[in-house]
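Working notes, structure below.
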């Protein structure tokens, strides 16, 4: 629940960002992702590999770094939500709500829940690690095995959903928005 709320809050913040009157690519918040655009080629299997790698790395960081820094999964959720809100708002303002939904929904229905699952698993794993550290300090028994297995299942589900999202983003999203090479 907390992970979903963080994603939604990020979307809301992204939607509130003032829009530029020029192309979306002129938005200063999007300049950082410009380096990745060169690897996105619709209808190309290597794009699927790139997207799965990039998004699985993000999910892995959320999962693996949570025991050390709970802020990592929270930051990933807020940042990804922010980007979705900002891009969706910009597309809606510059073109139409229909285009915004067409551009974001086909892969977003897999990618956003996948990131929420991975981050929720990371938060669960991170909190269990903190509880374990406290229990060691207090000389009380605490096993984090059950929390880890629950979190690991969420991570595996997330990875499968990220593969589906990458396929959708490479082959379906360009088709839906009318891009034909």
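The values are calculated or read from the model by the stated rules, or taken from the named source; none is laboratory data. Note that the structure is a prediction, hence the values are computed from the model and not measured. All Cβ positions, glycine included, derive from the backbone under ideal geometry; neighbour counts span all protein chains shown.
Before moving on, here are some points about what is shown:
- Considered as a group, the residues in the range 33-44 that are more than 22 Å from residue 158 (Cα to Cα) and assigned to a helix (DSSP H, G or I) include one that is modelled with the highest pLDDT, and that residue is 37.
- With respect to (1) assigned to a helix (DSSP H, G or I); (2) touching a helix residue (DSSP H, G or I) at 6+ places or on another chain (Cβ under 9 Å); (3) more than 24 Å from residue 89 (Cα to Cα), the lone exception for residue 136 is condition (2).
- Some residue of the range 92-110 being modelled with pLDDT under 90 and part of a helix (DSSP H, G or I): yes
- Some residue of the range 128-141 being in contact (Cβ under 8 Å) with a residue 60 or more places away in the chain, within 26 Å of residue 4 (Cβ to Cβ), buried (at least 22 other Cβ atoms within 10 Å of the Cβ) and out of contact with any strand residue (DSSP E or B) (no Cβ under 7 Å at 6 or more places or on another chain): no
- Of all the residues in the range 45-80, those that are in a helix (DSSP H, G or I) and closer than 17 Å to residue 144 by Cβ number 4.
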